[in-house]
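Novice: Sending over a structure as structure tokens; questions will come in a sec.
Read-outs: derived from the displayed coordinates by stated rules, not from any lab. Worth saying up front: this structure is predicted, and the values here are computed from it rather than measured. Here the Cβ positions follow ideal geometry from the backbone for every residue, glycine too, while neighbour counts run over all protein chains shown.
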Amino acid sequence: MNNNKEKELAVAFLSEIQEDESGDIIQLVSTDLEEDLKPEDVPDEVPILPIKNTVLYPGVVIPITVSRQKSIRLVKKAYKGSKIIGVLAQKNRKAEEPKSDDLYTVGTIARILKMLVMPDGNTTIIIQGKSRFEVESIIQEDPFISARVKLLAEKFPAKSSKETKALIQSLKDAAYKVMKLNPEIPKEAHAALGNIDNSSFLTHFLSSNVNADVADKQKLLETHDGVKRAELLLEYMLKDIQMLEIKQEIQNKVHSDIDQQQRDYYLRQQIKVLQNELGYDGPEKDIQELRKLGAEKKWDEEVKQHFFKELDKISRMNPAAAEFPVAMNYVDFMVHLPWNEYTQDNFDLKRARKILDEDHYGMKKVKERILEYLAVLKLKGDMKSPILCLYGPPGVGKTSLGRSIARSLDRHYVRMSLGGVHDEAEVRGHRKTYIGAMPGKIVGNISKAKSSNPVFILDEIDKVSSNFRGDPSSALLEVLDPEQNNSFTDNYLEVGYDLSKVLFIATANTLETIQPALRDRMEIIEITGYTLEEKIEIAKQHLIPKQRKEHGVKASQIKFTDEAIGKIIDDYTRESGVRTLERRIATVIRNAAKSIAMEEAYTKTIKGKEVRKILGAEIFDKEVYSDNTHPGVVTGLAWTQVGGEILFIESSLSRGKGKLTLSGQLGDVMKESAVAALSYLKSNAHKLDIDHQVFDHYDLHVHVPAGAVPKDGPSAGITMLTSLASIYTQRRVKDKLAMTGEITLRGKVLPVGGIKEKILAAKRAGIEEIILSSRNRKDIEEIEPNYIENLKINYVDNVDEVLKLALLKSKVEGATHLWPIKGLAKEMATVEDL
């Protein structure tokens, strides 16, 4: 065999660079296969040299740089002696100080050909594999590993069969093909390979150079049968050929556009250099950071697969492509959503009650509902969050109540204003394929909340509008349905998000404009306007301390009496809530702050006269009951958005043809109440001793004072009827009596709403007796007893009871301005005779 040719082949055929056991670079070379060692040439104790990144085969020469102290001691001792060592590959490549358990048991006996001591202190040796061996027993671990070994004979047929020859030729053909596909192998290797005629050496040489893992190469070394080893080696080489063919195919496909790609690459490299100069590491670092964040998230399996699929797609995308920033924004938003991240609820119910009472005065029903929710959550450990809708006039604290609930639960708070929202995409988001696509406000606010179970305020849900862009109310159906929102799908997000742990609280001023299907999904809790007494307490406990703090005024520098607060409420505000009241209090405190800053004298205790001096003349006049000296005048009760009020209904008769006139800016409902009352009187005139002909010969005018103020609602039915009965019978209405309720043509008295506000307005106006439908008794029971103290309430079921309670038995004395109703027919007959 030609040694020089084989050495040339070794240098040329395998130029693959690998690492040795210390991490330094080595290059494989080969030589001829010398005679196998005889057992007597091998010492009883063979020092074992572990190597990390390759496997040594018989006949192969490799240089190794050793840096471990044990290995250095081993090679120095062996080089001075027999120069025979055993080389074993490491099973555990990470072990820096490998033990016997970290090594394979089959290796190669090697002879140290040369040893060089490098300037850096490392030692480089050149070794040649001689024969395979198997470890029988480990003799020592320190100062280096030594073992008793058994040599393994080569089992390759001396006389090759046709099958063996074909196998050897297949190995050579595969080697030629590798050289052809790999341009890094020099052309001289093709001729040198043909000079190897030793089948055993050929398999060892190709095994050493095949592109395979250490475990696969070790498997080749451990295969005793030479033919089976050759078959396994051929399998590895064919896999290598397939990879090289695929690589060449890809290169050929790309080659047609290589000029453009080279230009793009050149430009990208320039951009990269500039970015590095500016301290920007490029998109690769961002992608790696997103991948790291994604690995730490508590994803569901489906969401996790979707995220990493999108991330893999981005890593293959050209950073200069228009879609790249869109895709990056998407995965960045997705990874920062709080998937399955929850805050711990605080189940201290006494603390929760205390916080709710501190922040808001009154609101017993709402507070009890929140405490019920907390109690169930504490006992059960988990429940679907209810969808509460706080419904009431402006300024009563609906929105701020949500913040208090969040504080009592120790949850994060987030608010979304729905006023004027008219695009469905604002709720559900845009599809991310659109230019300027954004997530919906629901998941967007969840992302800001940093948890999946915040208290989420849907403010002004009654002011959602719809047009040609879509219907946001319908988009909210899935959000607010406890049976569906565990997999809410945002168009931008594309995967389901669990909203079932979110405590949604909607607020509304009216229920009429809320879509019925949406209203059906919410638990409606009405928050009525505050009474005078409640407003005084709210001002003392919350508004005045807050405004003093905001204006830098101490509690000792200004005080309000109850009289002053009551005057501000009665004469300078007209609202159900307390917003205007807070502004008026702020005006008074600013006046004091100016005097304090200018060191002027001022009154520290604010009374009624000081309020008028600071705020000017009274803005509003409250209706106060006045004696009914004329028939046809009745006191009614009305509900407005600013609270309850009393109103007067006046009726008068004049000669005519039975015409009905209504004035006072009445709405359709009040007009219909007047018509229904008149119809009832006509059909039941005999019960009240009214001559039926009076309806045809007298015109009726019904007026509600304060004509500039629009009025409507179903509360004036019995008031209208009493007014008409009073004018037709000339019987005056009882003093200090007010009423509210609707009527039917059959004379039934129906219940109405806003009872609490109406009752309190009546009491403030000096009313002592009230008439209500008996079906409104439940509303009276919800009012604090001290609010209705010394107030007589009559419950009725029909109109006869109303008139019996309301009308005095005797007619008005000296009522000469009207024709006597009694005997009207006789007088009219006299006129007709004339």
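Novice: Among the listed pairs Lys682/Lys804; Lys365/Lys546; Lys91/Lys165, give every one whose C-alpha distance is greater than 29 Å. Write down the numbers at each step before the final one.
Specialist: Details: Lys682/Lys804 18 Å; Lys365/Lys546 25 Å; Lys91/Lys165 34 Å.
Distance filter (> 29 Å) returns Lys91/Lys165.
Novice: Scan around Phe648 for amide H atoms under 5 Å from its own, H built in the peptide plane at 1.01 Å from N, and keep only partners 5 or more places away or cross-chain.
Specialist: The list, which skips near neighbours in sequence, is Gly636.
Novice: Something else about it: Could you tell me the extents of the chain's C-alpha atoms along the three principal axes, largest first, rounded to whole Å?
Specialist: Reported extents, whole Å, longest axis first: 159, 68, 53.
Novice: For the chain, what is the mean residue ellipticity at 222 nm derived from helices alone (per DSSP H run of n ≥ 4: -39500 (n - 2.57); sum divided by total residues; nearest 500 deg cm²/dmol)? The partial results should precede the final answer.
Specialist: Values: 30 runs with 346 residues, N = 834.
Result for the chain, helices only: -12500 deg cm²/dmol.
Novice: Okay, moving on. Per residue Cα convex hull volume for segment 276-336, in cubic angstrom?
Specialist: On the way: hull volume 5.1 nm³, N = 61.
Taking the convex hull of the Cα positions in segment 276-336, it is 83 Å³ per residue.
Novice: Report, by chain and number, residues whose modeled amide H sits under 5 Å from the one on Gly741, excluding near sequence neighbours (fewer than 5 apart, same chain).
Specialist: The answer is Ala716, Gly717, Ile718, Thr719.
Novice: Still on this structure, please answer the following. Whole Å is fine, so just give me how far the alpha carbon centre of segment 277-348 lies from that of segment 367-400.
Specialist: 35
Novice: Would you mind computing, in nm to one decimal, how far apart the modelled labels at Tyr265 and His190 are, each placed 7 Å from Cα along Cα→Cβ?
Specialist: 2.6
Novice: Next up: Calculate, in nm to one decimal, what Gln140 and Lys450 gain on full extension: separation in residues at 0.36 nm each, minus their alpha carbon distance. Display every interim value, and only then the final one.
Specialist: Numbers: separation 310, 0.36 × 310 = 111.60 nm, distance 5.92 nm.
Stretched out fully, the Gln140 to Lys450 stretch lengthens by 105.7 nm.
Novice: Sort Leu49, Leu477 so that the residue with the fewest other Cβ atoms within 10 Å of its own Cβ comes first and the one with the most comes last. Walk me through the numbers before you get to the answer.
Specialist: On the way: Leu49 26, Leu477 16.
Final ranking by Cβ density, sparse to dense: Leu477, Leu49.
Novice: Follow-up. Quick one: work out Rg over Rh on the C-alpha atoms of segment 162-254, Rh as Kirkwood radius. Present the calculation step by step, with values, prior to reporting the outcome.
Specialist: Details: Rg = 13.6 Å, Rh = 13.9 Å.
Here the Rg-to-Rh quotient is 0.98.
Novice: For the pair Asn198 and Thr744, how long in nm is the line joining their label points, each one 7 Å along Cα→Cβ?
Specialist: Between Asn198 and Thr744, the label points sit 11.7 nm apart.
Novice: Under the Kirkwood approximation for Rh and a Cα-based Rg, what ratio Rg/Rh is obtained for segment 633-811? Present the calculation step by step, with values, prior to reporting the outcome.
Specialist: Values: Rg = 15.5 Å, Rh = 16.3 Å.
When Rh is taken as the Kirkwood radius, the ratio is 0.96.
Novice: Related question: For segment 290-408, what log10 I(q)/I(0) values come out of the Debye formula at q = 0.14 1/Å, with one point per alpha carbon and no solvent?
Specialist: -0.75
Novice: Once label points are set 7 Å from the Cα along Cα→Cβ at both Thr605 and Lys83, what is their separation, rounded to one decimal in nm?
Specialist: So the label points at Thr605 and Lys83 sit 11.6 nm apart.
Novice: Here is a further query. Could you tell me how many cubic angstrom of Cα convex hull volume segment 657-733 has per residue?
Specialist: Details: hull volume 6.7 nm³, N = 77.
Dividing the Cα hull volume of segment 657-733 by its residue count gives 87 Å³.
Novice: Report the equivalent ellipsoid semi-axes for segment 505-573 in whole Å, largest first, defined as the square roots of five times the eigenvalues of the gyration tensor built from alpha carbon atoms. Walk me through the numbers on the way to the answer.
Specialist: Numbers: eigenvalues 256, 44, 18 Å².
So the three semi-axes of segment 505-573 are 36, 15, 9 Å.
Novice: Would you list Asp800, Asp696 from fewest to most Cβ contacts within 10 Å? Walk me through the intermediate numbers first.
Specialist: Details: Asp800 14, Asp696 11.
In order of increasing Cβ crowding within 10 Å: Asp696, Asp800.
Novice: Over its Cα atoms, what ratio of radius of gyration to 2.2 N^0.38 Å does segment 33-113 give?
Specialist: Values: Rg = 12.4 Å, N = 81, 2.2 N^0.38 = 11.7 Å.
Computed over Cα atoms of segment 33-113, the ratio equals 1.06.
Novice: A further question on this structure: Amide H to amide H, which residues 5 or more places from Thr489 or on other chains are under 5 Å from it, using H placed in the peptide plane?
Specialist: Residues meeting the amide H criterion: Tyr497.
Novice: Something else: In Å and from the alpha-carbon atoms only, list the Rg and Dmax of segment 485-606.
Specialist: Here Rg and the maximum Cα pair distance are 22.0, 67 Å.
Novice: Just want to confirm a number: the relative contact order over the chain, from Cα pairs under 8 angstrom separated by 6+ residues, in percent. Before the final figure, lay out each step's value.
Specialist: Details: 1473 pairs, mean separation 57.0, N = 834.
Here the relative contact order equals 7 percent.
Novice: So, R0 is 41 Å and r is the distance between the beta-carbons of Ser417 and Lys94; what FRET efficiency does that work out to, to 0.05?
Specialist: Working: r = 57 Å, r/R0 = 1.40.
The computed FRET efficiency comes out at 0.10.
Novice: Right, another one. Report, in cubic angstrom per residue, the convex hull volume of the C-alpha atoms of segment 396-438. Show your work: numbers first, answer last.
Specialist: Working: hull volume 4.1 nm³, N = 43.
Spelled out: Cα convex hull of segment 396-438, divided by residues, is 96 Å³.
Novice: Now for a different question. Can you tell me the FRET efficiency between Glu45 and Thr489 if r is taken as the Cβ-Cβ distance and R0 is 60 Å, rounded to the nearest 0.05?
Specialist: Values: r = 72 Å, r/R0 = 1.19.
That pair, Glu45 with Thr489, gives E of 0.25.
Novice: On to the next question. Which three extents, in angstrom, do the Cα atoms of segment 349-526 have along their principal axes, listed largest first?
Specialist: For segment 349-526, the Cα extents along the three principal axes come out at 51, 34, 25 Å.
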